[in-house]
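Everything below concerns the one structure shown next.
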Amino acid sequence: MRRREALAKLTGRERYVDDLPLDDFLWGMTVRSPAPRGRVTAIRFGTDIAWPEFVVVDHRDIPGPNVVALIEQDQPVLAAGYVRHVHEPVLLLAHPSREALRRAARSIEVVVAPEPPALDFRAPPGPAEIQYGTDNVLKRLQIVKGDVERALARAAVVVSGTYETGAQEHVYLEPQGMIASFEGAVLVVKGSMQCPYYVLKALQHALAREEALVRVIQTPTGGGFGGKEEFPSHIALHAALLALKSGRPVKLIYDRGEDMAATTKRHPALVRHRTGLGRDGRLLAQDIEVVIDGGAYVTLSPVVLSRAIIHAAGPYACDHVRISGRAMFTNAVPFGAFRGFGAPQSQFAGERHMDVIARTLGMDAVELRRINLLADGQSTATGQVIQDGTDRLAVMERALELSRYREKQRGHAAFNATHATLRRGSGLATFYHGAGFTGGGEVALQSRVRVAGRPDGRIEVLSANIEMGQGTLTVFTELAAARLGVAPEDVTVAEADTARVPNSGPTVASRTTMIVGGLLERAADDLRRRVGLDDTARGAAVQQAIRRWHREHPGEPLVGEAAYERPPGIAWDDTTYRGDAYGAFAWAAYVAEVEVDLRTCATRVIDFVAVQEVGKVLNPTLAKGQVQGGVVQGIGWALMEECKWREGAMANNQLTNYLIPTSDDVPSVRVAFLENPYPHGAGGAKGLGELPIDGPAPAIANAVARATGADPRAIPLTPEKLMELLEIADFGLRIADSAP
Amino acid sequence: MNVLLPGSLPEALDMLASDGAAIPIAGGTDLLVHWPVRVDAHDRTYVDLSRLDALKPLSWTADELVLGGLTTYWDVIRDARAAQEFPLLGNAARQVGAIQIQARGTWAGNIVNASPAADGVPVLMAYDAVVVLESRRGREQVPLDRFYSGYKEMRRHPDQLVVEIRIPRRPYSYQVFEKVGGRRAQAIAKVGLAVTRSGAGWRVVAASVAPTIRRCPAVERLLETGTAIASPEALLPAVARDVAPIDDIRSSARYRTHVMARLLYHDLRDFWGKRG
């Protein structure tokens, strides 16, 4: 099936929030902190501005608690006399002219009495830098399996390594934006977002409004990647505060510079491994420490940390595992959700470490993985017994075969021996990604989906899960059509408007197809039962029954509904971090082939193979697109996307200086799926959206190591950094040559 | 924002003569990229040259290729003779932004924007281009390699317009353009290099490694004298005399210096003198 909104997007007809017609409105703008930490001692307004024309909002204008409601209630809507990071919102302005607004905002000086900021999450904070608890630790988590110290002491070999990953900007094509207005007493907020009910809850909380007086509508969203998970609540609140004070509609749209400077990024991470092995390469003990930079507020860091540590040990069998995680407070702009949600960071470390182990043991990196990959009946670090029937070795074999891994290895050796300035190599990563919320998260969400039968016999899907380019509209249409046997043209998907759609949970965590799609199927079954049919009824029979029902019940709504139920046999203990972390894991093996130019130390990915098992593939075109997009995003994260920091804020907040891959930087990305239907996912599907960002970075870094002899431990592996590493590697070589 | 729209060159020169702060704009590609953030730029007066059709075409004389003040990168990319006689022009033009920018951006604009990271300027300089400036006071010709005096400082007075860029036609026995950016397309140069050899001698021009695009006389001398060079490191002293790179948001001084030496060493491998 063709993507539902494709033509509107291709022809430019799609209307994003900035394109919506709006009468008699004000532009909104945010005045931000210039300093990373300190007391706001004065706010000086420029003297050459006609201030009576402007609406000005500060923290005293907030009707309810000055808090953006999320996991912890620590982040203010507007700073109340104290700032904790550069770009923290302090004031809001509105005016009919955007140009006048820009000038006015520039004329304001926020004066901060500076206090010592904590800016390096890797180092213990000095006493003057402590701002959260006694040690700036936002969250601590631990997974323990077996007795790691004893196993390490007994291991024939212990290999240690420290790995680092950098922040990453989402670079959704559409910057963030919201419109707030009133329909009678109801506050209506429209905009670009992944989670309409998160925005609704944040508005209710800080504005002290009952749910009936707030309505949130998602507008067509030009990409999210997690960046529109929790952050849109801030802009929604800001626009709403200005609309409340002015009584007029307010449009608050970030331009690219503000978006890159002030919104969240992927958490930077530092991961230490200490691994005990037998001489044959069998994993005997994994001792892992994961530290992430949370930034100045808690945001989603505890759950990012959770996913990071759960994935840190990799898809391998090991009886003795200890994984300790810490999320650190710093005075950086808060970090937040980004595709992968901690797993890419910890799996970069894990998969790079596997190659470091192989090199240390003088072992083949493929063989090391072959020995240790989880087999059915074995358990993960949390003790989750894997019993899904997926042949993980076959996934890896398929990737090796498609990439002609062995053949190319021989070719590379010959190429590298003869070429003056180019070096080639291939690298492998085997990895996994758990779909849906972690542990008991899905139960806590209590997601609900409705499928309505309309008087004309057409079907309407009602959910809060949104389209952001990943294909929700198309897949939901296909699922409903397939379940009821009707034509896709007879299915519509309702606009995500909290006044109409139930809370089916956020559009995050690779859960939309697998979990919400499953609810959709059950809601369709419920609809069928409500018109007196059993689950075998399909097509015209269903539509006729719907029309008949409406004739018999004029004016009444016909709605089937389903609520989340935990799949049987799943158990999780959040206090001990033991049990089934996810309903299902998707499994993958990626191979990157790179070419390094020794003159410039630039790395080019020249071939890429991505093989995965994601249950049943529902829409092959969309699935392939998800994987290719994830690989491109991974290439950027691995090689060029580098946030340059100045006092905890991004200094290179322009797309001229924060580089993402162009089509010329991307090779053909060859995608293959092995299918093993998952009984509890929609149509047999498992989550797919995040998996492809986990593997590219370690595969590429492993390939660079293979090509050049360098030993990269950190990404982004920019040419500047690789030049330093290669000098170290050359030096090592010379020492080795001169040894007797 | 105040935009003046002259219909002829004399009219444009009058406007520039009467308002010393007015800024001529051609393609507008440098100005508009920063428009939303440079609020102070909104208050200035701009002289939009887009109607000065006489400045648009490129032309050939017996001994020169003459680019007009409004000749775009795309004009040169499309010109088969330019591709044959001055291939580095097209190579560099294709490295400027994307096709949309190449279609609007002008060579003269690239010169007067005076970015140390310009892509068009190094190849023009390696071909000994001469900048023709015109004002109500008359015409002046300045060799491009003497046009810049410091970061964003140049020998153009506010009343002068670049009306031509004259490039002498010579046979070249060697020519190369290298641009090292943070990615393979649409990047600002971290190191740029244009090298030519003709009867007039070697020209080595470097970009992004000094406050201005500049020639590298010490490296040129090594080539002219056939000095023996056996490794990139052997070039570092000459490179250090010629350029003064900095650490900035895009790269490091150390990286820039080493990449320049490595590119020169490997690209010119056949031309360095051999020991013994």
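List the aspartates and glutamates whose Cα lies under 16 Å from the Cα of residue B:152, skipping any in the same chain that are fewer than 8 positions away.
B:30, B:119
Find the lysine pairs in region A:128-232 meeting two conditions, Cα atoms under 25 Å apart and a separation of 8 or more places or different chains, and report how many there are.
Within region A:128-232, the lysine pair count is 5.
Taking a probe of 1.4 angstrom, what is the accessible area of residue A:577 in Å², to the nearest 10?
Ignoring ligands and nucleic acids, residue A:577 comes out at about 20 Å².
Normalised by the number of residues in chain B, what is the relative contact order in percent for Cα pairs under 8 Å and 6+ residues apart?
About 15 percent, as a whole number.
Rounding to the nearest 20 debye, state how big the charge dipole of the protein assembly as shown is about its Cα centre with +1 on each Lys and Arg Cβ and -1 on each Asp and Glu Cβ.
1240 debye
Return the FRET efficiency for the residue pair residue B:185, residue A:494: r is the Cβ-Cβ distance, R0 is 56 Å, and the value is rounded to the nearest 0.05.
Computed FRET efficiency for residue B:185 and residue A:494 comes out at 0.85.
Could you work out which residue, out of B:132, B:219, B:33, moves most in a Gaussian network model of chain B, that is, has the largest mean-square fluctuation with Cα springs under 10 Å?
Taking springs between Cα atoms under 10 Å, the residue moving most is B:33.
Once you've got the GNM for chain B with C-alpha springs shorter than 10 Å, pick whichever of B:71, B:257, B:225 has the biggest mean-square fluctuation.
B:225
Averaging sequence separations of C-alpha pairs under 8 Å and six or more residues apart, then dividing by the length of region B:119-276, give the relative contact order as a whole percent.
Reported as a whole number, the value is 19 percent.
Which value, in Å² rounded to 10, gives the accessible area of residue B:15 with a 1.4 Å probe and all protein chains present?
Ignoring ligands and nucleic acids, residue B:15 comes out at about 40 Å².
Helix-derived [θ] at 222 nm for chain B: sum -39500 (n - 2.57) over DSSP H runs of at least 4, divide by residue count, nearest 500?
-8500 deg cm²/dmol
Name the long-range amide H neighbours of residue A:26: under 5 Å, sequence gap of 5 or more, or other chain; modelled H, no Pro or chain starts.
A:250, A:251
Give me a comma-separated list of calculated 3J(HN,Hα) values for region A:165-178, in order, Karplus coefficients 6.51, -1.76, 1.60 applied at θ = phi - 60°, integers in Hz, x for any Gly or Pro.
Result, ordered by residue: 10, x, 5, 9, 8, 5, 6, 4, 5, 8, x, 5, x, 9 Hz.
Among the lysines, select those whose C-alpha is under 21 Å from the C-alpha of residue A:624, and discard any that sit fewer than 8 residues away in the same chain.
Excluding near neighbours in sequence, the set is A:9, A:616, A:686.
Counting only heavy atoms of protein chains, what accessible area per residue, in Å², does region A:209-359 have with a probe of 1.4 Å?
Each residue of region A:209-359 exposes 20 Å² on average to a 1.4 Å probe.
Rounded to a whole number, what % of the accessible area of region A:441-563 do carbon and sulfur atoms account for, probe 1.4 Å?
That fraction is 49 percent.
Over region A:441-563, with the other protein chains present, what is the accessible area per residue in square angstrom, probe 1.4 angstrom?
That works out to 37 Å² for each residue.
To the nearest hundred square angstrom, how large is the accessible surface buried between B and A, total for both chains, probe 1.4 angstrom?
Details: alone 13140 and 27960 Å², together 38600 Å².
Its buried surface, counting both partners, is about 2500 Å².
Provide A:476, A:54, A:25 ordered by accessible surface of protein heavy atoms (probe 1.4 Å), highest first.
Listed by decreasing accessible area, they come as A:25, A:54, A:476.
If R0 is 45 Å, what FRET efficiency do you get for residue A:530 and residue A:183 from their C-beta distance, rounded to 0.05? Display every interim value, and only then the final one.
Values: r = 31 Å, r/R0 = 0.70.
The formula returns an efficiency of 0.90 here.
If each DSSP helix of 4+ residues adds -39,500 (n - 2.57) and the sum is divided by the residues in chain A, what number results at 222 nm, nearest 500 deg cm²/dmol? List each step's numbers first, then the result.
On the way: 19 runs with 221 residues, N = 740.
Per the formula, -9000 deg cm²/dmol.
State the percentage of accessible surface on region A:583-650 attributable to carbon and sulfur atoms; use a 1.4 Å probe and exclude ligands, DNA and RNA.
On region A:583-650, the fraction of accessible area on carbon and sulfur atoms equals 48 percent.
Rank these residues by their accessible area, most exposed first, probe 1.4 Å: A:655, A:622.
Sorted descending by solvent-accessible area, the residues read A:655, A:622.
Sequence-distant or interchain residues sharing an amide H contact under 5 Å with residue A:496, placed H: which?
HN-HN under 5 Å from residue A:496: A:218.
Using Cα pairs closer than 8 Å and at least 6 residues apart in sequence, work out the relative contact order for region B:160-233, in percent.
Here the relative contact order equals 20 percent.
The values are calculated or read from the model by the stated rules, or taken from the named source; none is laboratory data. Owing to the predicted nature of the structure, the values given are computational and were not obtained by experimental measurement. Note that each Cβ is placed from the backbone with ideal geometry, even for glycine, and that neighbours are counted across all protein chains shown. Ligands, DNA and RNA are stripped out before the accessible areas are found, and what is left, the full protein with its side chains, is counted by its heavy atoms. Shrake-Rupley method; radii C 1.70, N 1.55, O 1.52, S 1.80 Å.
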